[in-house]
Every structure is written in C-alpha cells, then in structure tokens.
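So the structure is just underneath, and the comments pick up after that.
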Amino acid sequence: MNAALVADLTAALSADRVRTGTTELGLYGRDASNFPGSAGVVCFPLTTAEVQAAVVAAVRHGVPFVARGSGTGLAGGATPLDHALVIALTKMDAVLSVDPVNRFAWVEPGVLNLDLTRQVTKYGLHFAPDPSSQQSCSIGGNVANNSGGPHCLSDGVTASHVLAMEVVLSDGSVVVLGGDEPEPAGLDLRGAFVGSEGMFGIATKVCVRLTQNAPAVRTMLMDFETVEAGAQTVSAIIAAGMVPAALEMMDQLCVQAVEAYIHAGLPVDAAAVLLVEVAGLPHGLEADVARIVEIGMAHGAGTVRIAQDEAERALLWKGRKTAFGAIARIKPNYYLHDTVVPRRMLPEVLRQVYAICRRHDLLVMNVFHAGDGNLHPLLVFDKREPGVMERVHAAGEEIVRASVAAGGVLSGEHGIGIEKRDFMPLMFGPADLAAQAAMRAAFDPSGLANPFKVLPSPGACGDVQHVPAGAWV
Amino acid sequence: MDLTEFAAAVGGEGPVTISGLGTRGGPVAGVRCVHAPAGIEWVQADEMIVSCGAGTRVDELVAALAAHHQTVALPAGGTVGGALSVGHGDVRRLGYGPVRDVLLQARYVSAAGELVKAGGPTVKNVSGFDLCRLLVGSRGTLGFLGDVILRTRPLPQTSQWFTCSAGDPFDVFTKLYKPISVLWNGSQLWALLEGHPRDVAEQAAAAGLRAGSGPPALPVGSRRSVAPSTIASLTGDFVAEVGVGIVHHVDPWLRPVGDDRAATLAIAIRDQFDPGRRLNPGLDV
C-alpha cells in the first residue's frame with residue numbers, strides 16, 4: 001500500500017471512499033476474467049473533480065490507475081496490475097439529461113446498461129448495445145470496451161452510439177471529446193477513445209445516442225440437424241439482403257444446459273438452434289419472417305417456433321442470455337472465448353473448434369452472435385482436475401489462431417485486455433502496433449492509465465506483473 | 001499501381017500532398033502530389049463488405065455494389081479516399097449513419113513512408129485501438145489512405161421522397177420510424193423513407209406527407225454542424241438535416257471556438273503520427 005497516495009486520496013475524496021482493506025483489495029483485484037491482479041488502493045469518486053484528483057494523485061506518486069465500472073469484462077481490461085489504484089466509477093450513476101426528440105442522453109459512466117434503457121422506455125427509446133451482461137455492466141465499461149451484444153447486428157456496436165464524452169486524462173485535464181453536434185471540429189477523438197480499454201483516460205460523462213423501439217418485433221427459433229446447416233442458414237439470410245435485429249446460435253450441449261435451467265421447451269435433440277429476431281414496420285417484418293422461414297426450411301430446419309407473445313419472446317431471450325449461467329449444471333468453471341470470423345467461414349471454424357476441444361479432451365458449448373460471425377466457444381471444465389488449465393489455455397490459443405487464419409479478428413466485443421495482448425501480432429505487424437501505441441502516447445504520455453494491456457510490450461517476457469511501472473513505450 | 005508503389009511514391013521525406021478527383025478541396029498547392037491506387041479489389045456481398053483502392057470513384061463503387069443489391073453509405077462524387085478523409089456524410093446520414101461507421105479496415109502510408117494497417121475485415125472488431133475512426137475526417141494529416149474495406153448495406157425495396165408544409169419539423173420527425181432523411185427549410189419539410197412499399201406508404205400517410213421530389217437544392221454558403229435541438233430557431237435561407245444537426249446555409253459561418261484542450265490533444269496525435277507535418281502540410285483539420 002502506498003501511504004502517501006492513500007493520504008492524498010483521502011484528502012481529495014473522503015476516508016470512507018478510499019479503501020485499502022484486504023476484502024476490498026481482493027474484490028477489486030480482478031474483473032470477470034480468469035486473470036488475477038493486485039489492487040493497491042480502491043477509491044470511489046462521486047464527481048469529475050474527484051476522478052481528476054484521484055488521477056492527479058496517482059500520477060504524482062507514479063502509481064498506475066485503472067478505471068473500473070461493474071467489473072464484468074472478460075479479457076482482464078479492468079484487472080489492476082502492479083498494485084494499481086482502482087478508480088471505481090459505480091457511484092457515478094446518474095442519468096443527467098435526456099433529449100427524447102433528438103434521441104440522446106448524457107449519463108455518468110456508472111449507469112448500468114439496462115437501467116439506461118429502462119429509464120428511456122417511456123419515450124419509446126432504448127440504448128442499442130445490449131451485451132449479455134447488460135443487467136450489470138456499466139455504460140463506462142461499454143465505452144471502454146466498445147461493447148457489442150446480440151442486437152448490434154443491425155444497430156452497430158457502442159462506437160456507433162456514443163456522440164461525446166467528458167474524459168479525465170492522465171495529465172489531470174478534463175476534455176470533452178465529440179459533441180451532440182454531428183461534425184465536431186478536428187479529429188474524431190471520441191471515436192479514438194471508445195474501445196481504448198481505459199488506457200487513454202477515464203470517461204466521466206457520456207453522451208449516448210438512443211434508438212427508437214421497433215413498432216413490431218418477431219422472434220423465432222429454428223432447429224437444425226447439423227451445426228453446418230444452421231451456420232449456412234445464417235449466411236443465406238444475410239446474402240438475401242436482410243439484416244435481422246439479431247441472429248444468434250446455440251449448439252446442442254448449450255441448448256440442453258439452458259433447457260434444464262429455464263424449461264422453455266427448447267429442442268434438446270437438435271444439433272443447433274438459431275434464434276432470429278426481426279424488428280421494424282409490420283409489412284417489411286412479415287415479409288422478412290416469411291423469407292427467413294423459407295431459407296431455414298431450405299437448409300433443413302426441423303421446426304420453426306415463432307414467439308406468440310411478449311412472454312414467450314422474453315423466455316426465448318432468457319435462454320440465450322442466461323446460457324453462461326446454465327453451464328454451471330455441467331461443470332463448475334468455464335472459459336469464454338470471443339473471436340470473429342467471416343460468416344461464410346462459420347461452418348469450417350466451428351468444425352475446427354470442436355476438433356480442437358476433442359483433442360484437448362475438453363467440453364465445448366457454442367452460443368454466439370452468428371449474424372456477426374462472432375464466435376463464443378465456451379470451454380467448460382472443473383479446475384480441480386490436475387492439468388486442466390493448461391489444456392484450456394492451449395485449446396483457447398488454437399481457437400484464436402484458427403479464427404484469425406480464417407480471415408477473422410482476435411476479439412469481437414470482449415476486448416484485448418491482458419487475455420489477447422500477446423496475440424496482437426497475429427493480426428498486426430510492428431508498424432501497425434506502433435501506430436496504435438502512438439495513439440496511446442498522445443492520450444496518455446505518462447503511461448500510467450491502465451498499463452500493460454492491449455499492446456504487447458516490446459520484448460515482453462509474458463510475466464506482466466514484473467514489468468516495471470512506467471516502462472511503456 | 002499497387003500499395004507498395006504507392007508507399008514508395010509517398011516516401012518518407014519532404015512535403016507531399018494527395019489528390020483524388022479534387023471534388024473535396026483538392027491537393028495542397030505547390031506541394032508534390034501523389035494519387036492512391038484505384039479499383040475495386042473484391043465485393044463479398046454475403047459478408048456485406050467491399051475492398052477497394054482509396055482512389056476508386058465513389059460512383060463506380062456504388063454502381064458495382066448495386067449489381068449485388070447493396071450500396072455503401074458514402075456521399076456521391078469524388079473518390080472513396082476523399083470521402084473518408086473529409087468524413088462528411090450526405091443527407092441520408094440520419095438513416096445510414098455517419099461516414100466514420102463505414103470504414104472497417106484501412107491500409108495507409110504513414111509519414112515515415114511505411115504501410116500501416118488499421119482495423120480489420122469484420123464489422124464487429126475490438127482488436128486493439130480504433131485507428132480507423134481517427135483516420136476518417138483526418139484529411140490525410142495522419143496518413144494517406146491506400147486501400148480500404150468498407151461495410152455495405154442492402155438496397156431498400158422502395159426508396160421515396162415525400163414532402164409537406166411544416167412550421168415545426170419535429171411534429172413530423174417524431175411520427176416517423178427510422179426515416180432515412182428529414183430535411184426542413186423553415187416552412188417545408190422533405191422526408192426520405194425506405195423499406196417495404198406498404199410500410200413506406202402507411203408511414204407517409206400517418207405523418208401527413210405527400211409524395212414529392214427530393215432532396216431540395218442545398219444552399220452552399222456554409223455547412224454548419226449544430227446541436228440538432230437548435231435547428232428550430234434557425235433563420236435565413238437554409239436546409240437543415242432534422243435529427244442530425246447539419247445545416248446547409250446560404251450565409252458563411254464562423255464555427256464557435258471548441259474545446260481548446262481537445263485541440264491540444266489533436267496536436268499531440270499529429271505530433272505522434274507526423275511530427276514533421278509533411279503530409280498535406282498546412283492543412284488544418
């Protein structure tokens with residue numbers, strides 16, 4: 001613990017919002033990923049000025065600082081390293097203003113994703129990015145990770161829904177990036193900041209775009225005898241010129257786990273299930289539903305279940321969004337991966353995922369954003385089994401490599417964080433990485449904003465906790 | 001010309017400027033000028049992506065995509081590189097989104113003369129920092145675009161302009177579901193609706209719109225960017241993009257002074273990417 005830093009923080013905030021107890025440091029020493037970290041101090045600012053004071057104090061003492069929302073990140077982006085100061089933004093959770101006509105809102109970063117949508121439902125609006133963690137993840141975290149979700153297929157990821165931000169930079173300055181006007185002067189600093197995983201600064205206010213609720217929605221479930229048939233259906237729907245609101249897929253093991261959990265009458269004998277949602281105006285929607293059913297049948301869909309009411313629709317979505325909880329019925333632990341491949345490569349890459357997992361003697365469930373080609377292989381295991389973690393990591397690396405080799409990318413929505421930092425050279429050469437490092441150097445010349453994430457350090461030995469603070473280049 | 005030749009042409013020393021068709025300001029005068037590679041490399045209609053040289057004409061790209069019943073949300077005219085580097089959308093921005101959301105991957109030549117890749121070929125991608133967003137609208141000051149992968153969108157079944165008299169543009173605006181464009185000049189309103197023909201007709205009828213031609217001629221004195229809530233108080237000869245905040249006005253406009261700390265940050269970025277200011281020298285972003 002850095003006593004001088006704690007004293008400065010206590011003076012700037014208040015003693016009850018600066019915590020150094022073993023329990024707090026343990027709780028805030030990691031995010032939802034599998035990577036352990038080490039928090040030195042945790043503080044809970046209430047205002048931009050307090051965030052600013054915390055950042056200034058950290059930099060003055062040469063201590064790294066890590067912004068944290070709800071800690072639901074899966075790539076270690078909010079995991080503090082080197083006894084960093086954790087700046088928890090959960091108490092900055094106010095919706096500051098809503099313009100229901102022009103459809104945007106200013107919110108604090110600790111506002112939960114689903115809470116924002118709940119607060120603007122009365123205007124017929126919602127916040128489009130809807131990660132499966134939307135009940136607990138924060139808008140600030142969505143900004144840091146450029147989060148996605150099932151409905152990003154038609155509506156786009158977080159970067160498309162953030163108009164402006166107030167941010168605190170490591171030099172202590174408070175800067176507004178972007179604006180509620182459409183073409184703010186200068187470079188798109190807003191766009192650069194979204195997805196910077198806390199390494200550019202800390203967002204203290206966010207102006208988000210709100211999306212009109214669709215007048216009509218149809219949600220349907222189709223089942224297939226093979227995973228390939230389901231994946232080919234996905235490609236065929238998009239190729240036919242339709243962009244459904246969501247196009248999600250679950251394989252058999254996943255459907256069985258979910259069905260045992262929610263009892264929704266899901267087809268547990270099918271090899272794969274597609275959840276398709278179409279939203280919009282009634283005539284276009286009915287035409288799309290008819291064409292999607294036709295395409296599904298042409299690809300061998302067994303049954304097509306169309307939700308008859310909102311309750312049934314909610315149940316189908318509950319199955320999709322609680323899949324990760326349902327797997328606890330199979331094994332106590334899981335490792336969730338996140339890569340993207342071209343849709344046309346889904347059947348081939350899925351075949352490889354199953355083969356990789358068979359080779360490493362691991363169970364895998366697939367539940368993913370098929371319309372985006374965004375794979376989420378879920379390796380389920382019991383970490384008490386000797387040697388299982390080595391197998392999990394080896395299989396994970398092979399899945400990442402197979403995805404990139406298929407023309408895909410490292411991450412669709414979880415981010416790079418610690419998890420995939422050392423895989424970045426699979427996608428980017430030295431000059432490409434240098435350009436990304438240059439962005440960071442401009443925003444954070446101190447190198448203290450969430451260091452050692454995203455970009456592989458030159459010559460890194462992989463043991464990030466021993467990289468000296470401030471060694472960033 | 002391939003990318004390697006393009007990089008060699010840009011080189012690593014001395015001032016250099018880039019030009020497409022010169023429709024968006026053209027090259028910096030008196031400086032050695034290069035041109036980006038042109039031509040469509042491939043169209044992957046089932047992936048809704050297209051790859052082309054930055055020197056490709058937007059109209060050529062739009063025509064090629066139309067054969068696949070798709071289009072790209074770039075403003076007409078000039079080159080793809082020019083449209084991206086300036087970053088201004090057209091009147092369909094309300095429905096099609098800003099230009100910055102179109103660019104998925106770019107390969108550009110840096111101030112050091114190196115080829116650099118930003119982004120990736122998939123729509124969903126959070127692998128590293130979002131350099132593509134920074135490039136759009138940067139007017140070549142961070143690097144010269146060589147080739148790009150763009151997101152496409154399906155062509156609508158129907159696309160039709162409607163019009164009506166309107167003292168308050170928001171009366172109509174709030175009655176429409178995801179219109180592609182709503183324009184207003186203080187007394188008349190134009191709306192572009194797309195989708196299923198029956199939905200388009202029903203939307204128009206419910207909002208009190210009648211079929212008409214559009215878009216109207218846009219005044220060219222200034223292109224203003226304002227908070228969309230402020231357009232109701234505009235005066236003079238203008239056409240405003242409702243729900244967006246772009247105003248095409250006959251009078252010139254002095255942009256209000258922005259956040260100078262953001263300007264300082266932008267300078268820090270340019271210092272990183274082009275410390276010698278050799279790319280499009282003298283050009284302000």
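If R₀ is 51 angstrom, what is the calculated FRET efficiency for the pair residue A:212 and residue A:397, using the beta carbon separation as r and rounding to 0.05?
The pair residue A:212/residue A:397 has a calculated efficiency of 0.75.
Computed from Cα positions, the angle between helix A:388-405 and the longest principal axis of chain A comes to roughly 80 degrees. Taking H placed 1.01 Å from N in the peptide plane, check which residues at least 5 places from residue B:33 or on another chain put their amide H under 5 Å from its amide H. Counting only residues 5 or more places away or on other chains, the set is B:17. Residue by residue, the stretch A:354-367 carries 3J(HN,Hα) couplings of 5, 5, 4, 5, 4, 4, 9, 6, 10, 7, 10, 10, 10, 9 Hz when phi is fed to the Karplus relation 6.51 cos²θ - 1.76 cosθ + 1.60 (θ = phi - 60°); x denotes Gly or Pro. Listing A:338, A:382 from fewest to most neighbouring C-beta atoms within 10 Å gives A:382, A:338. From helices alone, chain A scores -10000 deg cm²/dmol at 222 nm; the rule is -39500 (n - 2.57) for each run of n ≥ 4 DSSP H residues, then divide by the residue total. Figure legend: label point modelled 7 angstrom from the Cα of residue B:158 along Cα→Cβ; residues of the stretch A:233-266 with amide N under 20 Å from it are A:241-243. Stokes-Einstein, applied to the Kirkwood radius of the stretch A:32-77 over Cα pairs at a viscosity of 0.890 mPa s and 25 °C, places its translational diffusion at 205 µm² s⁻¹. From the alpha carbon centroid of the stretch A:294-369 to that of the stretch A:154-168 is 28 Å. Computed 3J(HN,Hα) for the stretch A:450-455, one whole-Hz value per residue from the Karplus formula 6.51 cos²θ - 1.76 cosθ + 1.60 where θ = phi - 60°, is 6, x, 6, 10, 6, 9, glycine and proline marked x. Across chain A, C-alpha contacts under 8 Å between residues 6 or more apart give a mean separation that, scaled by the residue count, equals a relative contact order of 15 percent. The amide H of residue B:89, built 1.01 Å from its N in the peptide plane, has B:99 as neighbours under 5 Å, considering only residues 5 or more places off or on other chains.
With contacts taken as Cα pairs under 8 Å and at least 6 residues apart, the stretch A:331-438 reaches a relative contact order of 33 percent.
Panel order for A:187, B:176, A:379, by other beta carbons found within 10 Å of each beta carbon, from fewest to most: B:176, A:379, A:187. One Cα centroid belongs to the stretch A:63-124, the other to the stretch A:7-51; the line between them spans 16 Å.
Using r as the Cβ-Cβ distance of residue B:230 and residue A:312, and R0 as 30 Å, what FRET efficiency do you calculate, to the nearest 0.05?
My answer for the efficiency is 0.10.
Each residue of the stretch A:334-346 was assigned a 3J(HN,Hα) from its phi angle through the Karplus curve 6.51 cos²θ - 1.76 cosθ + 1.60 (θ = phi - 60°); the sequence is 9, 10, 9, 9, 7, 10, 10, 10, x, 3, 5, 8, 3 Hz, with glycine and proline shown as x.
Taking the longest Cα principal axis of chain A as reference, the axis of helix A:3-12 is set at about 80 degrees. Beyond 26 Å in Cα-Cα separation lie the following of the pairs A:122/A:205; B:124/B:178; A:318/A:420: A:318/A:420. Computed about its Cα centre, the charge dipole of the stretch A:95-212 is approximately 300 debye, with only Lys, Arg, Asp and Glu carrying charge at their Cβ. I'd like the FRET efficiency for residue B:213 and residue A:361, computed as 1/(1 + (r/R0)^6) with the beta carbon distance as r and R0 of 45 Å, rounded to 0.05. Working from the Cβ atoms, E equals 0.10.
Please pull out the direction-averaged projected area of chain B, using the convex hull of its alpha-carbon atoms, in nm² to one decimal place. Averaged projected area of chain B's Cα convex hull equals 15.6 nm². What residues have an amide H closer than 5 Å to that of residue A:412, excluding those fewer than 5 places away on the same chain, when H is modeled at 1.01 Å from N in the peptide plane? Here the answer is A:339, A:340, B:126, since their amide H atoms fall under 5 Å of that of residue A:412. The modelled label-to-label distance for the pair residue B:178/residue B:41, using points 7 Å beyond Cα in the direction of Cβ, is 3.0 nm. Contact order, relative form, for chain B: 18 percent (alpha carbon pairs under 8 Å, 6 or more residues apart, mean separation divided by residue count). Axis angle, to the nearest 10 degrees, between helix B:260-273 and the longest C-alpha principal axis of chain B: 40 degrees.
Can you list the residues of the stretch A:261-290 with backbone N under 19 Å from a point 7 Å past the Cα of residue A:303, pointing along Cα to Cβ? Answer for this model: A:261-277.
Kirkwood radius, chain A, all distinct C-alpha pairs, inverse of mean reciprocal distance: 23.1 Å. Here the residues A:337, A:61, A:369, ranked from fewest to most Cβ neighbours within 10 Å of their Cβ, fall in the order A:61, A:337, A:369. Placing +1 on the Cβ of each Lys and Arg and -1 on the Cβ of each Asp and Glu in the protein assembly as shown, which of A:263, B:213, B:197 has its Cα farthest towards the positive end of the resulting dipole? Looking along the dipole axis, the top candidate is B:213. Around the Cα centre of the stretch A:3-88, unit charges on the Cβ atoms of Lys, Arg, Asp and Glu (plus for the first two, minus for the last two) sum to a dipole of about 40 debye. When +1 charges are put on Lys and Arg Cβ atoms and -1 charges on Asp and Glu Cβ atoms, the dipole computed for the stretch B:1-50 relative to its Cα centre reaches about 400 debye.
Taken together, the values in this text are just the output of simple stated rules run on the coordinates, not laboratory data. If you're wondering where the values come from, they're calculated on a predicted model, not measured in any experiment. Quick reminder, even Gly has a Cβ in these numbers, built from the backbone with ideal geometry, and neighbours come from all protein chains shown.
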